[in-house]
């Protein structure tokens with residue numbers, strides 16, 4: 001049976017992400033998104049919806065990990081990619097991946113959705129099977 005480490009949810013107004021993108025331009029992309037995410041969202045008809053959904057997903061993942069945004073858990077250390085089926089998947093990189101391993105998290109599930117005005121994401125961090133709280 002899979003054990004849940006944590007659950008996170010976040011909702012973001014799309015206009016807020018559009019304003020950040022307009023104000024900070026490439027700097028915003030470098031701080032928050034991987035190159036692959038930025039390229040994917042820029043190719044979409046409504047890039048701001050795509051960016052907002054990914055921003056919400058990153059926040060939801062941080063909440064599911066129970067860490068928030070720290071020097072060990074970075075926005076760019078969390079990447080939202082599309083599986084061949086179109087389903088969003090989480091890939092962790094660098095110190096963010098290390099932090100998840102230390103917490104005993106083996107997989108993170110994510111769901112994204114958006115309306116015209118807002119994007120929402122849910123994340124569930126699952127424990128690595130066979131690991132207890134001390135990591136053994």
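Since every read-out is calculated from the coordinates, none of them should be taken as a lab result. From a predicted model like this one, the values you see are computed outputs, not experimental measurements. All Cβ positions, glycine included, derive from the backbone under ideal geometry; neighbour counts span all protein chains shown.
The single condition among (1) touching a residue at least 40 places away in the same chain (Cβ under 8 Å); (2) over 11 Å from the mean Cα position of the chain (by Cα) that residue 123 does not meet is (2).
Hey, does segment 5-12 have a residue that's more than 20 Å from residue 126 (Cα to Cα), surrounded by fewer than 20 Cβ atoms within 10 Å (Cβ to Cβ) and either free of Cβ contacts under 8 Å to residues at least 60 places away in the same chain or over 14 Å from the mean Cα position of the chain (by Cα) (or both)? Checking segment 5-12: not a single residue is more than 20 Å from residue 126 (Cα to Cα), surrounded by fewer than 20 Cβ atoms within 10 Å (Cβ to Cβ) and either free of Cβ contacts under 8 Å to residues at least 60 places away in the same chain or over 14 Å from the mean Cα position of the chain (by Cα) (or both).
Looking only at segment 76-115, count every residue that is without any contact (Cβ under 8 Å) to a residue 60 or more places away in the chain and either under 19 Å from residue 44 (Cβ atoms) or assigned to a strand (DSSP E or B) (or both) and tell me the total. Total satisfying the criteria: 23.
Taking the criterion of being in contact (Cβ under 8 Å) with a residue 60 or more places away in the chain and either surrounded by 20 or more Cβ atoms within 10 Å (Cβ to Cβ) or in a loop (DSSP other than H, G, I, E, B) (or both), the residues of segment 59-75 that qualify are 59, 60, 61, 64, 65, 66. Note on segment 34-57: residues that are farther than 16 Å from residue 114 by Cβ and in contact (Cβ under 8 Å) with a residue 24 or more places away in the chain total 2. Of the listed requirements (1) over 18 Å from residue 123 (Cα atoms); (2) in contact (Cβ under 8 Å) with a residue 24 or more places away in the chain; (3) in a loop (DSSP other than H, G, I, E, B); (4) out of contact with any helix residue (DSSP H, G or I) (no Cβ under 6 Å at 6 or more places or on another chain), residue 16 misses just one: (3).
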